[in-house]
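Worksheet for the structure shown next.
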Amino acid sequence: MSSQGPPKTILAGNFARVDLKTYAAELPLGTLTVGVDNIHHDVYLSPAWTEQTRTYLLEFIRQSANLNFSARKGSKPPKGPEIGAWKRQTLELLQASLTRAKYEKKIELDLLFRVALMKFLTQEIAAEFANLLLEAKEWIRSRGEYFERSEQAHVMKARLAD
């Protein structure tokens, strides 16, 4: 038997201390040729995939935030994200990148693609969330000045701020 006693529990309001340390990640891209500006490495993402990703992210954020409205008059209600098609197309991109990297024996190609993909997704999530906030504000304004000052509008604004 252990003489350490009962396990420590965290009480409500008290947080466990986590030591965070900064670090710098280095990606070796020396074997790759630089892009047209002779500084950065160029990555091309399919316009069809980027557009599908924008649509998917907007609808996914809308569903996650439970905001089912449209500020545009006469527009269709938002449809759910086509997660299967998006995942399939993204998987194909990742596999194509890995296959090319293996064929050329340059793992840096796959690393560069994955970094570019993460950069694009991070920027797009922020952009689509901003679009959704703008759409929500337009929807609230379109309901009229009386609604804009109502309790329901204030609740919606608070949810959006969260």
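Within the range 106-138, work out how many residues are in contact with a helix residue (DSSP H, G or I) (Cβ under 6 Å, 6 or more places away or on another chain) and in a loop (DSSP other than H, G, I, E, B).
0
Residues are listed down the side, and each one gets a yes or a no for (1) among the acidic types (Asp, Glu); (2) touching a strand residue (DSSP E or B) at 6+ places or on another chain (Cβ under 7 Å); (3) crowded, with 16+ Cβ neighbours inside 10 Å:
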| position | (1), (2), (3) |
| --- | --- |
| Thr99 | no, no, no |
| Glu108 | yes, no, yes |
| Leu112 | no, no, yes |
| Leu121 | no, no, no |
| Ala127 | no, no, no |
| Glu148 | yes, no, no |
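Among the residues of the range 82-92, count how many are buried (at least 16 other Cβ atoms within 10 Å of the Cβ) and not aromatic (Phe, Trp, Tyr).
Residues flagged as buried (at least 16 other Cβ atoms within 10 Å of the Cβ) and not aromatic (Phe, Trp, Tyr) within the range 82-92 amount to 2.
Write out, first by first residue and then by second, each pair whose Cβ atoms fall under 8 Å of each other, whose residues are 6+ apart or on separate chains, and whose first residue, in the range 95-117, is among the β-branched types (Val, Ile, Thr) while the second is not in a helix (DSSP H, G or I).
Sorted first by the residue in the range 95-117, then by its partner, the pairs are Val115/Leu27.
When you check Lys21 against the structure, is it among the basic types (Lys, Arg), loosely packed, with under 13 Cβ neighbours inside 10 Å, modelled with pLDDT of 75 or more and not in a loop (DSSP other than H, G, I, E, B), yes or no?
In short, no.
If only one of Ser2, Ser70 is surrounded by 13 or more Cβ atoms within 10 Å (Cβ to Cβ), at pLDDT below 80, in a loop (DSSP other than H, G, I, E, B) and of a type in the set (Ser, Thr, Tyr), which one is it?
Among Ser2, Ser70, only Ser70 is surrounded by 13 or more Cβ atoms within 10 Å (Cβ to Cβ), at pLDDT below 80, in a loop (DSSP other than H, G, I, E, B) and of a type in the set (Ser, Thr, Tyr).
The values are calculated or read from the model by the stated rules, or taken from the named source; none is laboratory data. The model shown is predicted, which means the values in this text are computed figures rather than measured ones. Positions of Cβ are backbone-derived with ideal geometry, glycine not excepted, and every protein chain shown enters the neighbour counts.
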